[in-house]
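Scroll down for the structure; my scribbles are underneath it.
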Amino acid sequence: VVNVGAPGITYSSSNKVEIELEHSDDNSTFTDVTSNTDVVGGTVGTNGLWQTIDANGDCNAVYAIGYVGGKRYSRVVLNYSGTHGTGTVFGVVGVKGRPISGPTSSQANQ
C-alpha cells in the first residue's frame, strides 16, 4: 500500500515518480516482479512498474497491489524522474496476510 501526500511539485511526464514492485529469495538480490500471475488487484509491467504519479491529481491518494508470488521477500521501489526540489510525502506500508484477503480489482489503483 502506497500513500501519496499533497504534491510538492508540479507533476508531469518528465517530473514523476514510478512505483515498482520487486521480489527476492534472499533479501539481498531483488528482481522486478514482471508476471501478472504474481500479483492481485493490479498489473505490473516488464520493469515491475504498477503505478505512475505524473499529475498533481494522482496525489492525495492511496494505491495498493497484492503480491502472491513465490518469493520470500517483496518490496516497493519509488523511482524519481525530473526535478523534485520540494518533496511529496510517500508512505509505504506492507500488509502481510492471506492472498485471498488481498486488494480486489475495484480497490486497486484508485
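What Kirkwood hydrodynamic radius do you get for segment 1-43 when you take the inverse of the mean 1/r over all pairs of distinct Cα atoms, in Å?
Taking the inverse mean of 1/r over all distinct Cα pairs, segment 1-43 comes out at 13.2 Å.
Report, in debye and to the nearest 20, how large the dipole of the chain comes out about its Cα centre when Lys and Arg carry +1 and Asp and Glu carry -1 on their Cβ.
The dipole magnitude comes to about 300 debye.
Describe numerically, in nm with one decimal, the distance between label points set 7 Å from Cα along Cα→Cβ at residue 72 and at residue 29.
1.4
Test of understanding: what is the full-extension gain from residue 47 to residue 13, defined as 0.36 nm times their sequence separation minus their Cα-Cα distance?
Between residue 47 and residue 13, full extension yields 10.5 nm more.
Roughly speaking, what % of Cα-Cα pairs in the chain are separated by over 23 Å, rounded to a whole number?
Distances greater than 23 Å cover 27 percent of the Cα pairs.
Coordinate-derived values only; no laboratory data. This structure is a prediction, so every number in the text was calculated from the model and none was measured. Please note: Cβ atoms are built from the backbone with ideal geometry, for glycine as well, and neighbour counts cover all protein chains shown.
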